[in-house]
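Comments concern the structure below.
The values are calculated or read from the model by the stated rules, or taken from the named source; none is laboratory data. Quantities reported herein were computed from a predicted structural model and do not represent experimental measurements. Cβ sites come from the backbone with ideal geometry, for glycine too, and all protein chains shown count toward neighbours.
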Amino acid sequence: MGMIRQVPLYRFLKFCNESGLEKKVLDCGAGGDCPPLLLFAEYGYETHGIEFSAEQCELARQAAKQHGQALQIEQGDMRHLPFADGSFPIVYSYNSVFHMTKAEVAQSIQEMKRVLQPGGLLFVNFLTAKDFRCGTGEAVGENQYKQLDDGVPVIHSYFAQKEPEAYFADMTMLYKEDRVPERIFEGKWIWQGFVDYILKK
(Lines give C-alpha, C1' and ligand atoms only; values in the text may rest on other atoms or scores of the structure.)
Protein backbone atom coordinates (compact mmCIF):
# COMPACT_ATOMS: atom_id res chain seq x y z
CA MET A 1 0.00 0.00 0.00
CA GLY A 2 3.02 2.30 -0.09
CA MET A 3 2.67 2.81 3.68
CA ILE A 4 6.38 2.15 4.03
CA ARG A 5 6.84 5.86 3.25
CA GLN A 6 5.14 6.58 6.55
CA VAL A 7 7.19 4.39 8.89
CA PRO A 8 7.25 6.95 11.78
CA LEU A 9 3.45 6.73 11.93
CA TYR A 10 3.63 3.02 12.75
CA ARG A 11 5.39 3.92 15.97
CA PHE A 12 2.75 6.55 16.74
CA LEU A 13 0.00 4.01 15.96
CA LYS A 14 1.59 1.63 18.50
CA PHE A 15 1.50 4.39 21.16
CA CYS A 16 -2.16 5.06 20.25
CA ASN A 17 -3.15 1.38 20.33
CA GLU A 18 -1.58 0.97 23.77
CA SER A 19 -2.96 4.23 25.21
CA GLY A 20 -6.50 3.06 25.97
CA LEU A 21 -7.78 6.22 24.21
CA GLU A 22 -10.92 6.18 22.08
CA LYS A 23 -10.04 5.15 18.51
CA LYS A 24 -10.79 8.49 16.86
CA VAL A 25 -8.09 10.40 15.00
CA LEU A 26 -7.58 13.69 13.16
CA ASP A 27 -4.94 14.09 10.42
CA CYS A 28 -3.88 17.69 9.69
CA GLY A 29 -2.59 17.64 6.10
CA ALA A 30 -4.48 14.50 5.16
CA GLY A 31 -4.37 14.54 1.36
CA GLY A 32 -2.40 12.73 -1.31
CA ASP A 33 -2.51 9.44 -3.16
CA CYS A 34 -1.35 7.47 -0.11
CA PRO A 35 -3.29 9.04 2.79
CA PRO A 36 -1.82 7.98 6.16
CA LEU A 37 -5.35 7.74 7.57
CA LEU A 38 -5.67 4.44 5.69
CA LEU A 39 -3.26 2.96 8.22
CA PHE A 40 -5.49 4.06 11.12
CA ALA A 41 -8.67 2.95 9.32
CA GLU A 42 -7.16 -0.54 8.97
CA TYR A 43 -6.85 -0.68 12.76
CA GLY A 44 -10.48 0.28 13.30
CA TYR A 45 -10.09 4.01 13.98
CA GLU A 46 -12.76 6.57 13.19
CA THR A 47 -10.81 8.84 10.83
CA HIS A 48 -11.08 12.56 10.13
CA GLY A 49 -8.78 14.71 8.01
CA ILE A 50 -8.23 18.31 6.98
CA GLU A 51 -6.41 19.11 3.74
CA PHE A 52 -5.74 22.57 2.28
CA SER A 53 -5.56 21.51 -1.39
CA ALA A 54 -8.76 20.45 -3.20
CA GLU A 55 -6.64 18.39 -5.61
CA GLN A 56 -4.89 16.50 -2.76
CA CYS A 57 -8.30 15.93 -1.10
CA GLU A 58 -9.55 14.31 -4.29
CA LEU A 59 -6.46 12.06 -4.55
CA ALA A 60 -7.03 10.94 -0.94
CA ARG A 61 -10.72 10.23 -1.61
CA GLN A 62 -9.84 8.11 -4.63
CA ALA A 63 -7.24 6.15 -2.64
CA ALA A 64 -9.76 5.62 0.18
CA LYS A 65 -12.35 4.34 -2.31
CA GLN A 66 -9.82 1.88 -3.78
CA HIS A 67 -9.28 0.48 -0.29
CA GLY A 68 -12.98 0.43 0.57
CA GLN A 69 -12.63 3.09 3.29
CA ALA A 70 -14.45 6.38 3.95
CA LEU A 71 -11.79 8.53 5.62
CA GLN A 72 -13.85 11.74 6.12
CA ILE A 73 -11.22 14.09 4.67
CA GLU A 74 -12.47 17.61 4.06
CA GLN A 75 -10.89 20.68 2.57
CA GLY A 76 -9.80 23.09 5.28
CA ASP A 77 -6.97 24.98 6.93
CA MET A 78 -5.01 23.60 9.89
CA ARG A 79 -4.41 27.16 11.08
CA HIS A 80 -8.18 27.36 11.74
CA LEU A 81 -9.47 23.86 12.51
CA PRO A 82 -13.28 23.59 12.22
CA PHE A 83 -13.60 21.48 15.38
CA ALA A 84 -14.53 22.16 19.01
CA ASP A 85 -11.95 22.27 21.82
CA GLY A 86 -10.93 18.81 23.03
CA SER A 87 -12.85 16.98 20.29
CA PHE A 88 -10.13 14.43 19.40
CA PRO A 89 -8.20 11.95 21.56
CA ILE A 90 -5.54 11.59 18.83
CA VAL A 91 -4.21 14.24 16.44
CA TYR A 92 -1.26 14.13 14.06
CA SER A 93 0.40 16.06 11.26
CA TYR A 94 2.85 14.05 9.18
CA ASN A 95 5.18 15.78 6.67
CA SER A 96 2.78 18.73 6.47
CA VAL A 97 3.23 21.48 9.03
CA PHE A 98 6.59 22.67 7.65
CA HIS A 99 5.04 23.74 4.31
CA MET A 100 4.33 27.19 5.76
CA THR A 101 6.09 30.01 7.58
CA LYS A 102 7.13 29.53 11.20
CA ALA A 103 4.45 32.01 12.34
CA GLU A 104 1.84 29.80 10.62
CA VAL A 105 3.43 26.64 12.05
CA ALA A 106 2.98 28.10 15.56
CA GLN A 107 -0.67 28.91 14.74
CA SER A 108 -1.33 25.39 13.41
CA ILE A 109 0.24 23.67 16.42
CA GLN A 110 -1.81 25.84 18.77
CA GLU A 111 -4.92 24.68 16.89
CA MET A 112 -3.92 20.99 17.06
CA LYS A 113 -3.39 21.33 20.81
CA ARG A 114 -6.76 23.09 21.16
CA VAL A 115 -8.76 20.30 19.49
CA LEU A 116 -6.83 17.59 21.36
CA GLN A 117 -8.55 16.32 24.49
CA PRO A 118 -6.69 16.35 27.84
CA GLY A 119 -4.60 13.18 28.04
CA GLY A 120 -4.70 12.89 24.25
CA LEU A 121 -1.74 12.06 21.98
CA LEU A 122 -0.15 14.27 19.34
CA PHE A 123 2.41 13.44 16.63
CA VAL A 124 4.08 16.24 14.67
CA ASN A 125 7.25 16.20 12.61
CA PHE A 126 9.41 19.01 11.29
CA LEU A 127 12.14 19.49 8.68
CA THR A 128 15.51 20.21 10.24
CA ALA A 129 18.42 22.37 9.14
CA LYS A 130 20.33 19.13 8.35
CA ASP A 131 18.19 18.73 5.21
CA PHE A 132 20.08 19.02 1.90
CA ARG A 133 17.68 21.75 0.69
CA CYS A 134 18.02 24.02 3.72
CA GLY A 135 19.52 27.33 2.58
CA THR A 136 18.38 27.05 -1.05
CA GLY A 137 15.67 29.06 -2.78
CA GLU A 138 14.25 32.46 -1.87
CA ALA A 139 14.60 33.28 1.84
CA VAL A 140 11.35 34.44 3.46
CA GLY A 141 12.53 34.37 7.10
CA GLU A 142 14.98 32.56 9.38
CA ASN A 143 15.55 29.12 7.80
CA GLN A 144 12.35 29.64 5.78
CA TYR A 145 12.61 29.37 2.00
CA LYS A 146 10.38 29.38 -1.05
CA GLN A 147 11.45 26.27 -2.99
CA LEU A 148 10.11 24.43 -6.00
CA ASP A 149 8.15 21.20 -5.44
CA ASP A 150 7.28 19.64 -8.82
CA GLY A 151 7.81 23.07 -10.39
CA VAL A 152 5.49 24.84 -7.92
CA PRO A 153 6.92 27.34 -5.37
CA VAL A 154 6.23 26.06 -1.84
CA ILE A 155 7.43 27.48 1.48
CA HIS A 156 9.57 25.12 3.57
CA SER A 157 10.53 25.94 7.16
CA TYR A 158 13.61 24.24 8.62
CA PHE A 159 14.16 23.93 12.36
CA ALA A 160 17.17 23.64 14.64
CA GLN A 161 17.14 20.35 16.54
CA LYS A 162 15.41 21.56 19.72
CA GLU A 163 13.64 24.58 18.23
CA PRO A 164 10.14 23.00 17.96
CA GLU A 165 10.16 22.12 21.65
CA ALA A 166 9.05 25.66 22.52
CA TYR A 167 5.64 24.75 21.02
CA PHE A 168 5.22 21.86 23.43
CA ALA A 169 6.33 23.35 26.76
CA ASP A 170 2.85 22.61 28.19
CA MET A 171 2.88 18.95 27.07
CA THR A 172 4.68 15.76 28.07
CA MET A 173 7.17 14.51 25.50
CA LEU A 174 6.91 10.72 25.12
CA TYR A 175 9.23 10.20 22.16
CA LYS A 176 11.55 12.18 19.92
CA GLU A 177 13.59 11.06 16.95
CA ASP A 178 16.04 13.12 14.93
CA ARG A 179 16.34 11.42 11.50
CA VAL A 180 18.54 12.02 8.47
CA PRO A 181 17.39 9.45 5.88
CA GLU A 182 19.53 9.28 2.73
CA ARG A 183 18.43 7.89 -0.64
CA ILE A 184 18.78 8.21 -4.40
CA PHE A 185 16.26 10.64 -5.87
CA GLU A 186 16.19 11.39 -9.62
CA GLY A 187 19.67 9.91 -9.97
CA LYS A 188 21.20 11.97 -7.14
CA TRP A 189 22.11 11.03 -3.58
CA ILE A 190 20.04 13.21 -1.22
CA TRP A 191 19.62 13.49 2.54
CA GLN A 192 16.63 14.82 4.38
CA GLY A 193 16.40 16.10 7.92
CA PHE A 194 13.39 15.35 10.10
CA VAL A 195 12.59 15.50 13.79
CA ASP A 196 9.51 13.56 15.00
CA TYR A 197 7.66 14.18 18.27
CA ILE A 198 5.06 12.12 20.12
CA LEU A 199 3.47 14.14 22.93
CA LYS A 200 0.73 13.87 25.52
CA LYS A 201 -1.52 16.77 26.48
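Overview of results
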| item | result |
| --- | --- |
| Long-range neighbours under 6 Å by Cβ, at least six apart or interchain, first residue touching a residue at least 24 places away in the same chain (Cβ under 8 Å) and more than 30 Å from residue 121 (Cβ to Cβ) within the range 185-199, second of a type in the set (Asp, Glu) and surrounded by 11 or more Cβ atoms within 10 Å (Cβ to Cβ) | none |
| Selection count, the range 3-52, where residues are surrounded by fewer than 18 Cβ atoms within 10 Å (Cβ to Cβ) and closer than 19 Å to residue 99 by Cα | 3 |
| Matching entry among 170, 131 (being acidic (Asp, Glu), part of a loop (DSSP other than H, G, I, E, B) and more than 21 Å from residue 16 (Cβ to Cβ)) | 131 |
| Boolean, residue 20 is on the phi > 0 side of the Ramachandran plot and in contact (Cβ under 8 Å) with a residue 40 or more places away in the chain | no |
| Among (1) more than 20 Å from residue 86 (Cβ to Cβ); (2) at pLDDT 95 or above - the single one residue 5 does not satisfy | (2) |
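For every residue, the table says whether it meets (1) surrounded by 21 or more Cβ atoms within 10 Å (Cβ to Cβ); (2) more than 25 Å from residue 83 (Cβ to Cβ); (3) modelled with pLDDT of 95 or more.
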site	(1), (2), (3)
116	yes, no, yes
119	no, no, yes
123	yes, no, yes
130	no, yes, yes
135	no, yes, yes
138	no, yes, yes
147	no, yes, yes
150	no, yes, no
